[in-house]
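The values are calculated or read from the model by the stated rules, or taken from the named source; none is laboratory data. None of these values were measured; they are calculated from a predicted model. Remember, those area values only see protein heavy atoms, side chains included, never the ligands or the DNA or RNA. Shrake-Rupley method; radii C 1.70, N 1.55, O 1.52, S 1.80 Å.
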Amino acid sequence: RRQLGRQRHPFRRESSTCKTLCRLLETMLARGRRGYQTSAKALNYCVELVQERDVERYLCNLSAPAAVRPALFALHAFNLETARVRSSTREPQIARMRFVWWRSTVTAALRGEPPDNPVAQALAGAAAGGGLTGRFFHQMLEAREDDVDTTQPADRAELLRYCERTAGSLLHLSLEASGVAAD
């Protein structure tokens, strides 16, 4: 894995991107949209997590329009956090408890009331931008939780269902965050 070197994060307080995002959030709040302002610390946590564990998505996110980047980094950090639940413990019951926590966390974040967790706070900010469907989050969590007991998909159809519920849901959420309307 090659090193990318120390790059300036796109959400540091002094960056022009952060100033642009802050102006965008202020505009959205002035228009009466529900709002949750994500801290620079929470966004930076998501950026660093994606940069460290998913370099390809990190680079793609940097190519996205500046107004969309916070939501994309939040979604991809959420994906990474939930994907590693299975490997973080040997006890299936503990993994299930973590998924219960993530379900309640996503529900709270979509309401604009996230717990003290940087990924949850970034998701709340992404949801405040509008248009993120809770169903896709819950599909991802259900698929990941089903994965706790399954070591290998039984057949091709099961593998495709898993991909649709994980990567497919992440793609739908990314498109919603980017403002692409569903047909």
Query raised in the report: Taking Rh as the Kirkwood radius, which is the inverse of the mean 1/r over Cα pairs, what is the Rg/Rh value for segment 101-156?
Result: 1.10
**Report entry** Euclidean distance between Cα centres, segment 62-102 to segment 137-183, Å
**Finding:** 13
Query raised in the report: Scattering from the C-alpha atoms of segment 140-181 alone, worked out with Debye: what is log10 I(q)/I(0) at q = 0.15, 0.18, 0.21 1/Å?
Result: -0.41, -0.54, -0.66
Report summary line: Per residue, accessible area of segment 84-137 with a 1.4 Å probe, heavy atoms of protein chains only, in Å², comes to 50
Query - Probe 1.4 Å, all protein chains present, accessible-area order of ASP149, ASP116, ASP155, ASP54, largest first - result: ASP116, ASP149, ASP155, ASP54
Query - Solvent exposure ordering (accessible area, 1.4 Å, most first) of CYS60, CYS46, CYS163 - result: CYS60, CYS163, CYS46
